[in-house]
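Pasting a structure below so you can have a look.
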Amino acid sequence: MILAAEKGDITTIIGGIAPNWGPFGSLGNEAKIMVEVVMAVAILLCLGIAIWGAAKQRIGATALRDTFSAEQGKGLIVAGLTGVFIIGSLGTLFTIVYGMAV
């Protein structure tokens, strides 16, 4: 039997959102880990906002028949998913801006 998480560690979890360091490769290892952890927490927070918005939209539209709550939920969903996209692409954006400045 082969376990999928046999060799897993924290880099497996946050490796997917870790930025391609590019010009910031000279940062220390501890600083890189702190940036990765902050990005992971921010993405989880944004996903939580999106889930809260989905719940608010669902409850507002069906149980309460409150259109304002449903519209507010849509806004939270969009805000949360936009935050995830922006945070996920920060490494690329910083590298592009740095490359244009040099």
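The values are calculated or read from the model by the stated rules, or taken from the named source; none is laboratory data. Just so it is clear, the structure is predicted and the values come from calculations on it, not from any experiment. Don't worry about glycine lacking a Cβ; one is built from the backbone with ideal geometry, like all the others, and counts go over all protein chains shown.
Looking only at region 73-102, which residues are surrounded by 15 or more Cβ atoms within 10 Å (Cβ to Cβ) and either farther than 21 Å from Ile43 by Cβ or among the polar types (S, T, N, Q) (or both)?
Thr95, the sole residue that qualifies.
Consider only pairs whose beta carbons are under 7 Å apart and that are at least six residues apart or on different chains; among these, list those whose first residue lies in region 38-58 and is among the hydroxyl-bearing types (Ser, Thr, Tyr) and whose second residue is outside any helix (DSSP H, G or I).
Cβ pairs passing all conditions: none.
Can you tell me which residue among Ala42, Ala79, Ala61 is touching a helix residue (DSSP H, G or I) at 6+ places or on another chain (Cβ under 7 Å), of a type in the set (A, V, I, L, M, F, W, C) and at pLDDT below 85?
Residue meeting the stated conditions: Ala61.
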